[in-house]
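The values are calculated or read from the model by the stated rules, or taken from the named source; none is laboratory data. Predicted model only: the values in this text are computed from it and were never measured. Cβ coordinates were reconstructed from backbone atoms using ideal geometry, including for glycine residues, and neighbour counts include every protein chain displayed. Just the protein is used for accessible areas: all its heavy atoms, side chains included, with ligands, DNA and RNA removed. Shrake-Rupley method; radii C 1.70, N 1.55, O 1.52, S 1.80 Å.
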Amino acid sequence: MILKRVVKKANFYIILYWIFLLLNSFLTPAYATDEKVSDTYEEKLLHSINQYRGQHNAPPLFFDKRLHILAKAHSHYMRGTNKLGHTNFEDRYRQCKRKICVENVGWNFMTPEAQFEAWRVSKGHNINMLNKKIRRAGISKVGSYVTFFACD
């Protein structure tokens, strides 16, 4: 008899726990914004860039799958050759068929915050991040190599 009550009470708490988990996902506030909770290096880096652009009256950048694919291919290339650089930038620019594109590359910054800060204090990289003509971006980190490729 006592064992039945203990089991019933345990089952009650298990059910209560699952109800709490289920309700928690519905009760978490959702905000009407293009920004979402960042959970990847690339998303966090784009979020940091957009916050920075906002502080400088530049429009936010929107994630672009095609630009992401081009950035990813370049990050793979840099990792495969162990060379940081803008090799074949012109090819990426032609493939995306845009009027203007900018590119920042990075190596060995393990957090998106560190990568952002390195670009922010570098004059050329900073200019690229704040370029008001760009509107779409792709970012990819492969190994220690990062590519930010953004266009109008």
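Within the shell defined by Cβ-Cβ distances under 14 Å, the residues around Asn104 carry a net charge of +2, with Lys and Arg each +1 and Asp and Glu each -1. Here the calculated FRET efficiency for Lys97 and Glu43, from their Cβ-Cβ distance with R0 = 25 Å, stands at 0.50, rounded to the nearest 0.05. The stretch between Lys133 and Phe63 holds 23.7 nm of extra length on full extension. This uses 0.36 nm per residue minus the Cα-Cα distance. Of the trypsin sites (Lys or Arg not before Pro) found in segment 52-99, the ones in coil according to DSSP and having at most 15 other Cβ atoms within 10 Å of their Cβ are Lys83, Lys97, Lys99. Calculated accessible area for segment 83-127 comes out at 65 Å² per residue, all protein chains present (probe 1.4 Å; ligands, DNA, RNA ignored).
Summarised in one figure, the compactness ratio Rg/Rh of segment 79-151, Cα atoms and Kirkwood Rh, is 0.95.
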